[in-house]
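Below is one structure, written out as structure tokens, with a few remarks after it.
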Amino acid sequence: VGTGLAVSVVAKLVGALVHRELGHWPGRDVWILLAGGVCGVAVALFLLEAALLPRHIDFDVWLKRALALMLILAAAALLKIDRVRGARLAALGRTRALLLPIGAAVGTLQALTSAGSGSVLVPLLASTTDWTVAQMAAASNLFGCVVGGLSVGMYFKLGNFDLQLFYKVLLGLLPGIVAGGLLSRCISRGWFVRGIAAVTTCIGVRLLVG
């Protein structure tokens with residue numbers, strides 16, 4: 001998890017910078033989301049340091065299964081999203097109140113599993129904000145960078161990091177990040193959520209059967 005988060009931080013940082021240069025920033029509300037993410041990392045650190053996670057079971061196996069189910073459920077939720085709901089909540093001024101708890105929940109999840117800033121956060125943003133695809137991608141990248149960076153520090157402290165694996169995975173990720181930032185400008189919201197749903201379903205199934 002620690003190594004995966006470190007790779008994600010660099011990839012998300014590049015993505016966030018690309019989106020910033022392209023003018024995809026979703027506005028000041030993104031800082032509320034980030035504040036929730038920081039709170040989520042604090043919760044994860046408390047759980048790990050206080051030994052509140054069970055030690056008598058194979059935690060890696062159960063974490064893998066839980067992550068797989070989470071991804072599949074997130075994919076199903078994406079396909080069921082009421083695309084008008086986000087705009088309605090924004091018009092009523094309720095979006096900002098939801099961003100802090102969303103950030104805290106996803107931040108805790110990301111710190112414990114290295115996943116969430118895309119597969120879980122995007123469906124939640126799609127159903128609670130009126131942000132465009134490019135703005136959701138920008139927010140997801142910034143969130144993953146900040147929360148992931150704090151989480152990496154947590155795992156360094158706990159001694160869980162593989163530097164060689166970090167370099168190998170990072171080498172293949174960077175070109176795709178830049179390409180994705182450019183493509184987000186021309187992808188419709190409908191195709192975006194369908195694509196994310198398909199990818200997360202495949203990953204979830206692979207984790208369950210692998």
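The values are calculated or read from the model by the stated rules, or taken from the named source; none is laboratory data. Just so it is clear, the model here is predicted, and its values are computed rather than measured. Note that we place each Cβ from the backbone using ideal geometry, even for glycine, and neighbour counts take in every protein chain shown. These accessible areas exclude ligands, DNA and RNA; they are computed on the full protein's heavy atoms, side chains included. Shrake-Rupley method; radii C 1.70, N 1.55, O 1.52, S 1.80 Å.
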Condition check for Ile72: among the β-branched types (Val, Ile, Thr), out of contact with any Cys (no Cβ under 7 Å at 6 or more places or on another chain) and at pLDDT below 85 = yes
Expected output for the stretch 88-117 (first residue free of Cβ contacts under 8 Å to residues at least 60 places away in the same chain, partner open to solvent by 10 Å² or more (accessible area, probe 1.4 Å) and of a type in the set (Asp, Glu), Cβ below 7 Å, 6+ apart or cross-chain) is Ala90/Asp130
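Here's a check for you: in the stretch 12-29, which residue that is assigned to a helix (DSSP H, G or I) and buried (at least 22 other Cβ atoms within 10 Å of the Cβ) is modelled with the lowest pLDDT?
Gly15
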| query | Does Leu78 satisfy the criteria of being at pLDDT 70 or above and in contact with a helix residue (DSSP H, G or I) (Cβ under 9 Å, 6 or more places away or on another chain)? | reply | no
Per the filter on the stretch 119-138, residues in contact with a helix residue (DSSP H, G or I) (Cβ under 6 Å, 6 or more places away or on another chain), β-branched (Val, Ile, Thr) and outside any helix (DSSP H, G or I) are Val120, Thr129
